[in-house]
Amino acid sequence: MPLLEVEDLRTHYFTEAGPVKAADGVSFTLEKGESIGIAGESGCGKTTVAMSLMRLIKGGAVVGGKIMLGDLSLLDMPMKEFLKVRWERISLISQAAMGALNPVYTVGAQIVEAIQIHRKVSKSDAWEQTRGLLAQVKMDPQRAKSFPHELSGGMRQRVMIAMALACDPDIVIADEPTTALDVVTQVQVLRLLIDLQKRLNLSLIYISHELSVLGQACDRIIIMYAGKIVEMGATTEIFTSPQHPYTQKLLSALMDIHSDISIPESIPGKPPDLLNPPEGCRFSPRCTVGQENCGEDAPVLVEVAPNHYVACHRINESK
Amino acid sequence: MPGTAADIYATAGRMTEDERLAIVARFGLDESLWVQFYTYIGRAFQGDFGQSFTYFPSNVTTKILSALPWSLFLIINAMILQVIIAFVLGATSAWKAGGKFDATTQAISLALWATPMFWLAMLALYLLGNDLGWFPLAGQQTPGVTYATWFNKIGDYYYHAALPIMVLVVNQFGGYQLIMRNTMVTTLREHYITTAEAKGASDTRVKYKHAARNAMLPMVTSVGLRFSLAVAGSIFTEMIFNYNGVGRLIFQSVGMRDYPMLQGCFFILSCSVIIANLLVDILYQYLDPRIRY
Amino acid sequence: MQDPEQKRFSLWAGFKQSLMPLFAWWPEFRKSKIGIAGLIIVFVIVSLILLAPVIATHAVDEKDIRTGWTGGKYWTAGWTTQGSATITDEGGPYGDILIDEITEYHVRLQSDSTFIKRPLDLSNTILANAILQFQAKADSFEDGDEVRCLISPNGVDGNWTTALTWQKGDDDDVYQLYEIDLSTYSNWRSRNFWIQFESRMSSADASFYLDDVGVLLGAPGYDKLSPNDDFEPYAQRYQPPSWRHLLGTNSQSEDVWSRLLYAGQNSLMIGFVAAFLITSIGASVGMMAGYFGGVIEELVMRLADILLIMPRLPLLIVLSAYLRPGPWTVIMLLTITGWAGIARSTRAQTLSVKQHSYVEAARSVGASNIRIIIQHVLPNVAGIVIAAFVMEVVVAILVESGLSFLGLGSLSHPTLGVMLHFAQTDAAFTWNAWWWIVPPGLTIALIGLGFAYIGNTLNDRFVLRLGSRRKG
C-alpha cells in the first residue's frame, strides 16, 4: 500500500467571476522513501496540490476527491484532528527567502514552537533538539538565537529544512525551496535536501518549475498543465522518452549545454485561463501536433510504459 | 477671544486706573511685545512660564506640574485600554475580513470615532453619573478622605477616573482598531502565516502569536502620534467631569484669557507628546527585532 | 502605430485622464454596504440642512416670547430646583465629619447631588438692571447661624466675592426673601455669574433649603416681582418638543429645530471649506515636495513633522485665544494646523511614483515637469487625496465643534458646537432639556459617520486595496 494516495483531487478558488479550477482531477501516489517532483508553469496548480494536502487552501476549497495518508482520510478529518497531521505527518518547506519565517521570533524559537505544538517536551529539551536539527542541516547551532533578518537566504532555507524535520514527518513537501536563492546556494541547499532525503528515508514531494532541479532530486516526476496531470513517470523515463507534447516542449526549453542548439525553444501562447479552460485537452490551443478531437474530448491518463502515464489523444490512439 | 488681559482684569473688579497700571507693570505688560516675547522664551527654557493671571501669585509651572499627573493618569490608562481593545478587535475582524463581525466592528468604531467626544462625555455624565449614579460626578478623588490602604487610594482614583477614561477609550479606540485591522489583513497574507498554520498551530496561536504580534507594530508606532489626540480628548473629558488636570486648566485659562497659563500648558503638553514619542520608539525596539541596534 | 498628433499634450486631457479613477469608482464602491450606508446618511442630512430655509419653522434668532410682557420683570432662570443641604467639611461636598471635633460646619447647598454653582448668563438681556432674588427656608437654623451667598462674575473658579451675608434673626420668616443687586458688579451685562451658597451652622443636623432662586430683571424704577406672586414666565424657555417647537426651545426661548438646521449649515460649510483647503494645500505641498525635492522640501517636511507631533487642539486653543472668532478664523486655523498629514502621505506616494520606469521614460523623452505631474503623479495620488478629503471633512467638523464647545467658536455663525456650548453653559441638563443637547451632538455624529463610512470605503478600495481573506 502506498504511503500517500491522492485520488481525483479537485480544488477550486472562488472569485467573483466564478470558480477557478486550479486542481482538476489530480491523482497520484507516493511510496515511503520515494521522492516525487511536480513540475509545470506557474499557475498550473502544483502549489495548489501541495496546499490541498496540508488543507491550507485560502480563498477556495477542496471540492472533491480523496487524500489517503495510510488509513487516514485527510479531507474528511475534523480540523482539530488534522492539526495533528500537520508537521507531525506532513511538513512543509517553503521559500524562506520570501518571508516564510516570522520576523519577530528567533529561528530557534520557531523550531521550538513546532516541536512543542506536537511533543510534550520541556523547553530546554526542545532547544537541545533544535540545536541538533540545525547541526543536521550543517548550520552553527548557535544561530538558533538569530532572527531571520540576521541570516542569509541560504541559511534561512536551511532553518526551514531543519524546522520541517523537527517532528520526524512521514512526508515533506518542498515548495520551490531553492527558487529565490543565488545559484551557488541553490546547489548547496539542493544537495543538502537530497542528502537528507536519502539518509532519513523521507518521502518527498518536490515542487518546482525547474525540471533540471527535479531531475536531480526526484525518483518520479509529475508534469501538470492547467490543473491536470499530463504526464507522470520515472525521472529517467520522462527525461529520455517524454511522450506528451507539453513535456517535450518543457524539456526542449531546458538549455542543454551539450547540444548544438543554444537557443531554447519557447512554448507559443499563454497558459489557459482557468476560469474558462479550453474544451477537451487543455493544451490543445498551444499544441503543434494536435488532431481534430483534441478540442472536444479530454484525454485521460494512460499507461504507455510500466508506471509511465500520459494524457494525450495522439499517444492513446497510436496504442 | 480678543482683548488684552489687563483690560479684562480692569473690568472684572472695579479697579482704579492706578490699580490697573500697577497690574500692567506687575506682569510686564507695559514692555514692548518683542521684549515680552524674549523675556518669555528665555524664561520658558528654564521651566519658568511666568505667573498666572488667575491664580496669582502662584506661578504657572507649579500649577501645571500639580495638574499634569492627573492628566497623564487619564491618558495613559485610556491609551493602554484602547490599544488592548484595538489589538483584539482588529485582529479578530481581519481574521475574517469582509465578514459580518468585521463589518459590524468597523461600522461601530467609525461611528464612535465620528461622535464628538465632549458630547459623549456630557451624555455619559448625565446618564451614568447623574441618572444611574454609578459614578461620581466630579473630581479626581473623594475629598478629605484619608485612605486606609494604598489599595483603597488607587481604587478611589480609578473610581473617579472611570467615566473620563471610558469616554476617551470609546471615542478613540477606533483609530487604532482601523490601523490594526488593515495591517492584520495584509499580515495574514504573509508566508510565515502559512508556515505557522502548516506547523499545526491552532487558530488562536496563528492569530495572536504570529499574525497579530507582527500586525501590531504599525499600531504601536501610531501611539506616539496619537498621543496628541488623547491630550486633546482629555481637555474635554477633564472639563466636563471637573477633573483637575491640565485639560481643565486650559479650559479655565481660555475663559480667563490667562495667556501665561495657556502657553505654559501648551508647552508642557507638547513636551509630553515628544517624550511619549521617544518612549514609544524605545518600546518599539523591543517589539521589532529588525530595528534593534 | 500612434498618431503623433495624439501625443500632443493637452492640459485638460491630462487632467481628465488623471481623474478617470473618479469616474470608475462606483462599480467598486457599491460593493461596500458601509459605503452605501454612508452615502445615504450624508445625502439625507445634507439635503435636510440645505433645505433649512424651507423646513425651518422659525427664524434663527426668533425668541418665542408670549404676549403679556409687562415691561421688564420676569423670572429668568426661575431656579425652582429644591436645594437640600448636606453638611460637609470645608473640603467638599462628600466628606465625612467627626462631629466631636468640629464645632462649625460649612453647609454647601446641593441640588440633587451637585453644588448649586450655577452660571447665570445675562449677556443677552436688554435690561438695565438685574436682581438676584431667592428665598431660603431656614427653619432649622439657630440664631446666629451665618449664611453667605458668593458670586463669581467670571466663571466657576474665578474670584468669588461674598455678595450677601446674613444671620438668622429671631423674627425671620420661615421663607425669608433675600436679594442681591447684580448691577453693583460692574459691567454685569457681559458676565456669566456663578453663584454659590455657603453657611456656617452651629448644629450638626442643620439643614438649609433654598426654595426659589431667580433673577429679576427690570429697568430701574419698576416694581420687583415677589416670588410669592403668581407669575407666569412670558418667555417660552426650555419648552419640550411639541408641534410648535419640533425640538423644543432653549434657554433663550429659541426654536431648537430651526437653530439646528442653520447651525448644521454653518458646521458643514466650515467643514467643507476647511477640508478642501487642507487637502488641496496639503496635496500640492506634498506633490511639489516629493517631485522637486531640495532644500525647500526639507524645510516644508520638517515643518510638517513638527505640526504632526504638536497636540493640535491645544495649539488651536492657544491660537484662537488670541484671535477674533469668526468662521474664517476657524477655517484658517484648521487649515494651518491640518495640512501636514496629507502633505506627508502625498509626498510618500509621489516619491514612489517618481521611481517608476514610466516616469523615467517620460522624462527621457523630454516631457515637462507639469506634464509628468498631471499625467503620472496626479492619477496616482488622486485616490489618497480624495479619501483624505472625505475624512478631513469629518475631522474639521469635529475639531471645529470642539473649539466652539470650549467657547472659541464663531458666535456670528453659530455652529452645532456653539449650540452645545450654550447648552452646557446654560446647564441644559439640570433642566432636563435633552432636546437641546442630544440633537446637535447626534447631528455631528451622523454627518461624521456618514462621511467616515464613505472615506473608509474609499480608503479600503482605492488606497489600501485590501481584499478579503476567506478561510478555506
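The values are calculated or read from the model by the stated rules, or taken from the named source; none is laboratory data. Note that the coordinates shown come from a computational prediction; the quantities given were computed from them, not determined experimentally. Don't worry about glycine lacking a Cβ; one is built from the backbone with ideal geometry, like all the others, and counts go over all protein chains shown. Heads up: the accessible areas ignore ligands, DNA and RNA and are worked out on the full protein's heavy atoms, side chains in. Shrake-Rupley method; radii C 1.70, N 1.55, O 1.52, S 1.80 Å.
Residues in segment A:111-132 that are hydrophobic (A, V, I, L, M, F, W, C), assigned to a helix (DSSP H, G or I) and away from every other protein chain (no Cβ under 14 Å): how many?
1
Please verify whether segment C:283-296 includes one or more residues that are over 26 Å from the mean Cα position of the chain (by Cα), surrounded by 22 or more Cβ atoms within 10 Å (Cβ to Cβ) and of a type in the set (Ser, Thr, Tyr).
no
Taking into account only those residues within segment C:411-421 that are buried (at least 23 other Cβ atoms within 10 Å of the Cβ) and more than 8 Å from chain B (Cβ to nearest Cβ), which is farthest from C:LEU313 (Cα to Cα)?
Among those residues, the one meeting the criterion is C:MET419.
Only one of A:PRO177, A:PRO169 is open to solvent by less than 20 Å² (accessible area, probe 1.4 Å) and either at pLDDT 90 or above or out of contact with any helix residue (DSSP H, G or I) (no Cβ under 7 Å at 6 or more places or on another chain) (or both). Can you tell me which?
Being open to solvent by less than 20 Å² (accessible area, probe 1.4 Å) and either at pLDDT 90 or above or out of contact with any helix residue (DSSP H, G or I) (no Cβ under 7 Å at 6 or more places or on another chain) (or both) holds for just one of A:PRO177, A:PRO169, which is A:PRO169.
All but one of (1) within 11 Å of chain B (Cβ to nearest Cβ); (2) on the phi < 0 side of the Ramachandran plot hold for C:GLY407; which doesn't?
For C:GLY407, the failing item is (2).
Looking at B:ALA67, B:ALA94, B:ALA107, can you tell me which residue is within 10 Å of chain C (Cβ to nearest Cβ), crowded, with 21+ Cβ neighbours inside 10 Å, touching a helix residue (DSSP H, G or I) at 6+ places or on another chain (Cβ under 7 Å) and of a type in the set (A, V, I, L, M)?
That would be B:ALA94, the only listed residue that is within 10 Å of chain C (Cβ to nearest Cβ), crowded, with 21+ Cβ neighbours inside 10 Å, touching a helix residue (DSSP H, G or I) at 6+ places or on another chain (Cβ under 7 Å) and of a type in the set (A, V, I, L, M).
Among the numbered criteria (1) under 30 Å from A:CYS44 (Cα atoms); (2) free of Cβ contacts under 8 Å to residues at least 12 places away in the same chain; (3) not in a helix (DSSP H, G or I), which one does A:THR178 miss?
Tallying (1) under 30 Å from A:CYS44 (Cα atoms); (2) free of Cβ contacts under 8 Å to residues at least 12 places away in the same chain; (3) not in a helix (DSSP H, G or I), A:THR178 fails exactly one: (2).
Applying the selection to segment C:252-269, what residues are open to solvent by 10 Å² or more (accessible area, probe 1.4 Å) and farther than 14 Å from C:ILE55 by Cβ?
Those that are open to solvent by 10 Å² or more (accessible area, probe 1.4 Å) and farther than 14 Å from C:ILE55 by Cβ: C:GLN252, C:GLU254, C:ASN266, C:LEU268, C:MET269.
If A:GLN186 meets every condition in (1) open to solvent by 10 Å² or more (accessible area, probe 1.4 Å); (2) more than 21 Å from B:ARG290 (Cα to Cα); (3) at pLDDT 90 or above apart from one, which number is that one?
With (1) open to solvent by 10 Å² or more (accessible area, probe 1.4 Å); (2) more than 21 Å from B:ARG290 (Cα to Cα); (3) at pLDDT 90 or above applied to A:GLN186, the lone miss is (3).
Considering only segment A:1-85, give the strands (runs of 3 or more DSSP E) lying wholly within it that have at least 1 residues that are more than 14 Å from chain C (Cβ to nearest Cβ) and either out of contact with any strand residue (DSSP E or B) (no Cβ under 6 Å at 6 or more places or on another chain) or without any contact (Cβ under 8 Å) to a residue 60 or more places away in the chain (or both).
It comes to A:4-15, A:18-30, A:60-69.
Exactly one of (1) of a type outside the set (Gly, Ala, Ser); (2) in a helix (DSSP H, G or I); (3) open to solvent by 10 Å² or more (accessible area, probe 1.4 Å); (4) out of contact with any strand residue (DSSP E or B) (no Cβ under 9 Å at 6 or more places or on another chain) is unmet by C:ILE437. Its number?
Only one criterion is unmet by C:ILE437, namely (3).
To keep it simple, each residue is scored yes or no on (1) facing another protein chain (nearest Cβ under 10 Å); (2) within 23 Å of B:ILE76 (Cβ to Cβ); (3) part of a helix (DSSP H, G or I).
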{"site": "B:LEU120", "(1), (2), (3)": "yes, yes, yes"}
{"site": "B:LEU125", "(1), (2), (3)": "yes, yes, yes"}
{"site": "B:TYR147", "(1), (2), (3)": "no, yes, no"}
{"site": "B:TYR157", "(1), (2), (3)": "no, yes, yes"}
{"site": "B:ALA162", "(1), (2), (3)": "no, yes, yes"}
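For segment C:318-367, name all the residues that are of a type in the set (Val, Ile, Thr) and either within 14 Å of another protein chain (Cβ to nearest Cβ) or open to solvent by less than 30 Å² (accessible area, probe 1.4 Å) (or both).
C:VAL318, C:THR329, C:VAL330, C:ILE331, C:THR335, C:THR337, C:ILE342, C:THR346, C:THR350, C:VAL353, C:VAL359
Can you pull out the residues in segment A:195-210 that are over 11 Å from the mean Cα position of the chain (by Cα), open to solvent by 10 Å² or more (accessible area, probe 1.4 Å) and farther than 18 Å from A:VAL159 by Cβ?
Those that are over 11 Å from the mean Cα position of the chain (by Cα), open to solvent by 10 Å² or more (accessible area, probe 1.4 Å) and farther than 18 Å from A:VAL159 by Cβ: A:LYS198, A:ARG199, A:ASN201, A:GLU210.
Those residues that are in contact with a helix residue (DSSP H, G or I) (Cβ under 6 Å, 6 or more places away or on another chain) and open to solvent by 10 Å² or more (accessible area, probe 1.4 Å), I need them from segment B:229-239; list them, please.
If the condition is that a residue be in contact with a helix residue (DSSP H, G or I) (Cβ under 6 Å, 6 or more places away or on another chain) and open to solvent by 10 Å² or more (accessible area, probe 1.4 Å), then B:ALA232, B:PHE236, B:MET239 are the ones that fit.
Quick one: which of B:ASP288, B:ASP281 is more than 19 Å from B:PHE73 (Cβ to Cβ), among the charged types (D, E, K, R) and open to solvent by 50 Å² or more (accessible area, probe 1.4 Å)?
Checking each option against the conditions leaves just B:ASP281.
Output yes when any residue across segment C:390-401 is farther than 30 Å from C:TRP25 by Cα, more than 12 Å from chain B (Cβ to nearest Cβ), touching a helix residue (DSSP H, G or I) at 6+ places or on another chain (Cβ under 8 Å) and open to solvent by 10 Å² or more (accessible area, probe 1.4 Å), and no when none is.
no
Would you mind finding the one in B:GLY224, B:GLY255 that is over 19 Å from C:ILE306 (Cβ atoms) and facing another protein chain (nearest Cβ under 10 Å)?
Testing whether each residue is over 19 Å from C:ILE306 (Cβ atoms) and facing another protein chain (nearest Cβ under 10 Å) leaves just B:GLY255.
Checking the conditions here, which among B:CYS265, B:CYS271 is open to solvent by less than 10 Å² (accessible area, probe 1.4 Å), in a helix (DSSP H, G or I) and within 17 Å of C:LEU316 (Cα to Cα)?
Just one listed residue meets the conditions, B:CYS265.
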